[in-house]
1. Are there strands (runs of 3 or more DSSP E) fully within the range 1067-1108 with at least 1 residues that are surrounded by fewer than 17 Cβ atoms within 10 Å (Cβ to Cβ), at pLDDT 90 or above and at negative phi? List them.
2. Just one of Phe1006, Phe987, Phe995 is touching a residue at least 24 places away in the same chain (Cβ under 8 Å), over 30 Å from Arg60 (Cβ atoms), touching a Ser or Thr at 6+ places or on another chain (Cβ under 9 Å) and crowded, with 19+ Cβ neighbours inside 10 Å; which is it?
3. Kindly evaluate Asp516 against the criterion of being touching a His at 6+ places or on another chain (Cβ under 7 Å), among the charged types (D, E, K, R) and touching a residue at least 40 places away in the same chain (Cβ under 8 Å).
4. When you scan the range 1109-1126, how many residues do you find that are at pLDDT 90 or above and among the small types (Gly, Ala, Ser)?
5. Answer yes if at least one residue in the range 316-339 is within 15 Å of the chain's Cα centre (by Cα), surrounded by fewer than 20 Cβ atoms within 10 Å (Cβ to Cβ) and outside any loop (DSSP other than H, G, I, E, B), and no otherwise.
6. Going through the range 205-234 one residue at a time, which ones are within 19 Å of Ile138 (Cβ to Cβ) and β-branched (Val, Ile, Thr)?
7. Could you list, in sequence order, the residues of the range 808-849 that are over 30 Å from Asp919 (Cα atoms), buried (at least 19 other Cβ atoms within 10 Å of the Cβ) and hydrophobic (A, V, I, L, M, F, W, C)?
8. Which residues, counting only those in the range 786-832, are free of Cβ contacts under 8 Å to residues at least 24 places away in the same chain and under 16 Å from Thr335 (Cβ atoms)?
Amino acid sequence: MAQIVNTFISGKMNSDLHNSMQDEKNYTHAENVRISGKGEDGAFNFVKGSKLVSTQYAERGMVVLGAYEGSNNKNYFFLAMPNGKSRIIQVDTETEETTLIIEDLTVLRFDLVRWNKGEEIKPYKYILSINQVDNLLIFSNDVWEDIRCIDLSNIQKYANGFVLEDVLLPKKPPAKAPDSSYILKIQENKDSDLKDKFVSFCYRYKYDDGSFSTNSFYTDTSFHMGGYNDDEFKLDKDRLNVGMTNQYNAVRLIVNTGNRNVTDIQVLAKERGSNTHYIISEINKKSNNLADNSDTIGANYVKIEYNYGNTYPILTEDFSNLNFSMTPKFPKGQTSIGNRLLYANYKEGYDLTDRQGEEINVSYSIDKVFKDYQPNAKNTTLASMLTYTIGMVYFNDYNYSTTVLLNEKNEDNEIKTNFQERLKCTSLKGKINHNPPAFATKFKWVMKAEMLNYENIFFTYAKRVGSQVKLLLNKSNINKLKDEDYITFIHPNYTEPIKHKIEDVKTLTNINDYVDVSGTYAIIKDPENSIITTLNPGTQGEKKNGIMRRVSHDLGMSTNRFENISINTNAGCQHGYWAGMDAVTNGTIYLNNWLDELCCWGDSFLWIKANDIVKYKIIFHVYKRNSNLDSDEDVERLEFNYSAIASTNYYSVDEFIAKNHDDSKFKIDLVSGKLHIMTTEYMTDWITANRPNFHSLPNDTGERINVWLAIEMNFKRGIESLTARTDNKFNETTYFFEDHKTYDIANGKHIGADANGFFDIGLYNAYAWGNGVESYKIKDEFNAKKLLNDCRPNMKESVKYSQKHRKDDLTYSELFNSEMKINNLPIFNNTKANWKSLPIQYGEIQRIISTDGDVSVFCTDKVINQLYGKSVLMDLTGNENVGISNEVLGDYRVLPYEYGISNNPESVVKFSNMIFFTDKKRNKILVKSGNEITELNAINSGYYHESIKLLRETQSLLGSFNEENSEYYIGLDHNKVLAYSLLSKGFTAQYTYKFDYILGSYGKHFSAYQGRIYQDEVTENYNSFAGQSLQEARISFVVNPKFNNDFVYKALMLQSNTPWNVEISTNLTNSEFSETVFTEKESFYYSEIHRDNVGILNMKGIGAIQEINGNTLTFKNKIGIDVAVGDKLINENMATVGDIIDINNNTITIGNPYIGNVGDYILAEKITDGTYTPDGVPIRGKWMTVTLTKTGDEPYYLTSVATEVIESKL
């Protein structure tokens, strides 16, 4: 008698081969046993039972929706109930200690992942996007708008209640800008130029997890015009508008302290036109005893003061302009890599619907408001002769905003300012005709306009020659014009703008070019005499004043005879007066104080007026005088000629000369009301170089060399300043900039309008003086600091604004650094283009996993490798190499496989450098390693067809990895687990227990069921999984003695420590018998194979039904004695009809009404108790399938099965 021994040493299920082709190394199916697969003696073992490690936070109806392997041997489980109750528990894998992290009914809402209005969602959905970064547990799901974040180091703060903002990753910035209305003058710095800049302020919060919010909105610039004399428009000698300086040099700020999670407040200053932010104050709430959500004023006043003259530390450049954080909303994928968070398949923005769900059609109107110039006011304005586009932006509490919203018709958004409005202070007001969006809590007006680049030019002298007008460009005006420029005169006398083209800019002299003052001139043509000039009031014409002062000075024997010669005068003169000498002391000549009024041949000018042309000479007359002092001999005369145009009104000639003289050979000051003129070393140098004979006069004995100095003056009344403005050279921008004013939204209404429904719009770009000049630069100086609207740029989308679902995009956060205590994970800085768009043709991204320093992106129909901090470089031969890149998200590679993840992101599990996943759409079970993907259920895997069947029948495919046994688990609809072994390189078994979630962690495996957490395979209560009843072990295999022959199968010998129940079938026969029939023989259990007692050969034919009467069936012939009460009736389709309860002649009564028809053919199936019976047909056939089953909690095993066979002789 031959013996066939099945050893199962292949170590994996092989159900693909036909039974006629199976051999003794294979088995076709296994349940609830683990195959050891060692050597030639493969063995099935019962599986150790599950140990309950956490139950104290489980409740009836509660399930685990997600789990995560944290750091320091901690696992985190996410539990939920349909009623909204949600909690996170921490389980220590070493001590098995369970800690409640957080729980509530209304905020966390884990239930939304699994239930919709109490109905369970299928396929099952899970919380899969979980990462731990230091002490922060961060998780997200596409049912929640915002990413959640729990601080594991401070869980006590959640114990006494919390609100949504306490558990969100994005952090609320301050609701409004600082209050900067307290502007100050600090006397000792009043005249410093440091105050002359346009500064705005913002602030941000530092939170208890170390993260910072984005910056608040910005204040209005603290610049207040009128720094010369509080309110006066004033040109100085350099033709600079010194009125366009700041009145104030310090600002005191008030900020809000924020919620309970805010620990510190950082106040920042930003100069317009610069991205640099200065930290002007850092306030710790605790040390300053500041209450939450209060202002830094009142009982707990904290001084926050900005002084323009102080030096402040600079905020790191990366975070200087963090006005926005585009935190992804409703993200489907999340992972952490390189101390950043990475998200995929997320949404941006909102749909524009109001609280009633109605779509919003944006509608508003804009009107202009005019005010007169007011002394000592800010006098802000919208510069004239320009076009402005006004829009709106809505914000939520996190300053997450819409793009710019405009009226449908573009002309309804535009405001044009005309020429006449230069004389007014122009502002705007707006009326809103639509409801605010449901998400919004505040809004701002925004403006797009040309960047101002015109120049204000102040002409103080004009000369007409025919149709040509020559305009003097003196001092600071010289660089403001060039050929081909156009200017428009803006004097109040003009009612219409008239442009003049600059024909030429060149230097003219008063000798050759018929002008009174030499200098640089702009030349224009004015044939229509449109240029209006007005002379200063007073006597007209040229007035020669003669000698103003003269003093005699004995040069003596000095070597440097013309250095340190000085005169002091009173602030007056008299024509032709010879001033006598009082004394000579240390080379300085002091004059008597004679007169106090400037006289000019009887016509009193009273004072020099602005733009008067003043010519004057400083004359040195050198002569020799003999020892008797009774005769003079002229030696030489030096004249230094000057001309200037008065920049303002002067009350004395002395003051004019002191403030307008510009020659290094003289140092001229007004000291205590006296004019002090002193020659300098440059005078000596000049004389040495230009008049050497003048410097080396002889000093004979008995002779004295004397010098007298005189100042001769010449006046001509000037014109009132001609003020012009160059064209604003068009500088197109796509950006809108925000108003400093913020308006609230409450109860679905815009708040803050006046009685007529208008909102004040605080946007401006210049300061008006009421005289046509609109200033936007300090002192109206060329290349000076400008008032720029550059805080918080916004853009208008090319299509109608709505929520965007970026299904194929990745985005990343800023960095976390625990050593440097930097937490910028809440910041998603889109100014750095912090996103990557992947190809759209592969379906949406379902899951992202970081491994090997890169990111594996699982799309519905493709897998993509996204490089992190690297790019693909190609050499000259076409070979690709990976190199370091400055880009966070570098190049990507679409892997050349036709696999995706379908819609089962839950199947993904990472172990080492491998990622296991399924593709239900293509019926694949896969593993990714690097750039390669391998089919685990390939056509030669032995489990190809069975796996396809399972994938098709299953909706949810939950993955985990059992590290101890090197097995990839696929949880099938929470009812069973399919195991793939890396050791056997095949599918080894199924485990038939129920679970909520499965997790491999720290070399152990955990199952969760009904909210309880179990560690698998640890107890001696075998085959008891996740707190459920004992699971039956089942092993199926094929006995295949020889191809193409029939055999009779006689007996079984089980190499096992227990007998098993047996089910047998061949191509011809069937049988089953219980474990009780086995006899133990040494290390085997032996039993003859029972004859066919269940197969078709064991059935007795009765015949066709002749009549049906309820439960009673009538046949043509009398029922034979081999059919008995208790047998089952089977129809021709092998379906059970019912159990026989009575037999009478040719009728049979069954225990239930017959469902069928007359003529149906009926058989009787004999009932067996599993004990051996000689009745029936011997088990015979080409091959025999065997299924062994066993239930128990002992460490049972099965090593091999020997079958005795003989060749059939039939």
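1. Details: elements: 1070-1073, 1079-1081, 1084-1088.
Passing ranges, in order: 1079-1081, 1084-1088.
2. Numbers: Phe1006 fails: over 30 Å from Arg60 (Cβ atoms); Phe995 fails: over 30 Å from Arg60 (Cβ atoms).
Of Phe1006, Phe987, Phe995, the one residue that is touching a residue at least 24 places away in the same chain (Cβ under 8 Å), over 30 Å from Arg60 (Cβ atoms), touching a Ser or Thr at 6+ places or on another chain (Cβ under 9 Å) and crowded, with 19+ Cβ neighbours inside 10 Å is Phe987.
3. On the way: touching a His at 6+ places or on another chain (Cβ under 7 Å): no; among the charged types (D, E, K, R): yes; touching a residue at least 40 places away in the same chain (Cβ under 8 Å): yes.
No, not satisfied.
4. 1
5. yes
6. Thr214 - this is the single residue of the range 205-234 that is within 19 Å of Ile138 (Cβ to Cβ) and β-branched (Val, Ile, Thr).
7. Phe816, Leu825, Ile827, Phe828
8. None - no residue of the range 786-832 is free of Cβ contacts under 8 Å to residues at least 24 places away in the same chain and under 16 Å from Thr335 (Cβ atoms), so the list stays empty.
The values are calculated or read from the model by the stated rules, or taken from the named source; none is laboratory data. Just so you know, these numbers come straight off a predicted model, no measurement behind them. Quick reminder, even Gly has a Cβ in these numbers, built from the backbone with ideal geometry, and neighbours come from all protein chains shown.
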